[in-house]
1. I'm trying to understand the selection: among the residues of region 66-97, which are of a type in the set (Ser, Thr, Tyr), touching a Phe, Trp or Tyr at 6+ places or on another chain (Cβ under 9 Å) and part of a loop (DSSP other than H, G, I, E, B)?
2. Here is a list: 87, 114, 102, 108. Which entry is surrounded by fewer than 11 Cβ atoms within 10 Å (Cβ to Cβ) and either at pLDDT 95 or above or over 13 Å from residue 8 (Cα atoms) (or both)?
3. Counting residues that are within 11 Å of the ligand (Cβ to nearest atom) and touching a residue at least 24 places away in the same chain (Cβ under 8 Å), which strands (runs of 3 or more DSSP E) fully inside region 98-137 reach at least 3?
4. Testing residue 33 on (1) more than 12 Å from the ligand (Cβ to nearest atom); (2) in contact with a Ser or Thr (Cβ under 7 Å, 6 or more places away or on another chain); (3) not aromatic (Phe, Trp, Tyr), one condition comes back false. Which one is that?
5. Report, ordered by the first and then the second residue, all pairs with beta carbons closer than 8 Å, sequence separation of six or more or different chains, a first member in region 46-75 that is on the phi > 0 side of the Ramachandran plot, and a second member that is assigned to a loop (DSSP other than H, G, I, E, B).
6. Only one of 143, 66 is more than 18 Å from residue 35 (Cα to Cα), small (Gly, Ala, Ser), loosely packed, with under 11 Cβ neighbours inside 10 Å and touching a helix residue (DSSP H, G or I) at 6+ places or on another chain (Cβ under 8 Å). Can you tell me which?
7. Does residue 88 satisfy being free of Cβ contacts under 8 Å to residues at least 12 places away in the same chain and more than 6 Å from the ligand (Cβ to nearest atom)?
8. Would you be able to say whether some residue in region 44-65 is more than 27 Å from residue 146 (Cβ to Cβ), part of a loop (DSSP other than H, G, I, E, B) and near the ligand (Cβ under 8 Å from one of its atoms)?
Amino acid sequence: MKGILVATSPEGIIGKDNTIPWHYSEDLKRFKRLTIGKTVIMGRNTWESLPIKPLPERRNIIITRSLIENMECFKSINEALKTCEGDIWFIGGAGIYEEAMDLADCIDMTLVPDSVSGKNCIYFPEIGNEWKESNEKPLEKGSILMHKIYTRRV
Ligand SMILES: NC(=O)c1ccc[n+]([C@@H]2O[C@H](COP(=O)([O-])OP(=O)(O)OC[C@H]3O[C@@H](n4cnc5c(N)ncnc54)[C@H](OP(=O)(O)O)[C@@H]3O)[C@@H](O)[C@H]2O)c1
């Protein structure tokens, strides 16, 4: 399984000022639950934005043209994938998501209600027709967060 894992605002924004402009512990807990024991692939900005790094108990891969001490860095996603076994989550940001759209089996999307605007906003890339969208459901029973999954059309 290779999946894209993302949370977006109603405007399709994923980040602003190199941070995520909302905080929902249920989403973070779910992120942890899904990614523990797996490989996570992220861009350099996302790496820099992490409050705790590396993400514990996961194989952290960073896509960058530079080198980050003691970390596994690759210049491209395809180069990184050659070294991967098992489940992989692409965890952002926009450049990673865009390239991963051609590689992933699913897009796991949490929808937060927070409206975001202003400068330095980063958007999730356009989702093409090759993707089939599930119905939106609450992330958990009674949650104000919604959730949907995109799978590839066959
Ligand atoms: N809402 C969410 O679910 C979510 C998830 C993750 C991140 N975010 C947010 O998204 C923002 C960061 O995203 P971003 O789009 O600015 O940056 P990013 O994709 O995390 O990092 C960009 C950098 O990664 C490298 N890179 C990315 N894609 C590449 C590719 N396909 N091939 C080669 N190198 C690639 C390049 O590094 P070099 O310049 O070093 O070569 C590029 O400058 C932050 O605000 C973060 O909080 C949100």
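1. Residue satisfying the conditions is 83 alone.
2. Answer to the check: 102.
3. Ranges flagged: 106-111, 121-123.
4. (2) is the only condition that residue 33 fails.
5. Close Cβ pairs satisfying both conditions: 57/36; 57/37.
6. 66 is the lone residue from the list that is more than 18 Å from residue 35 (Cα to Cα), small (Gly, Ala, Ser), loosely packed, with under 11 Cβ neighbours inside 10 Å and touching a helix residue (DSSP H, G or I) at 6+ places or on another chain (Cβ under 8 Å).
7. In short, no.
8. Scanning region 44-65 turns up at least one residue that is more than 27 Å from residue 146 (Cβ to Cβ), part of a loop (DSSP other than H, G, I, E, B) and near the ligand (Cβ under 8 Å from one of its atoms).
The values are calculated or read from the model by the stated rules, or taken from the named source; none is laboratory data. As the structure is a computational prediction, the values presented were derived from the model and not from experiment. Don't worry about glycine lacking a Cβ; one is built from the backbone with ideal geometry, like all the others, and counts go over all protein chains shown.
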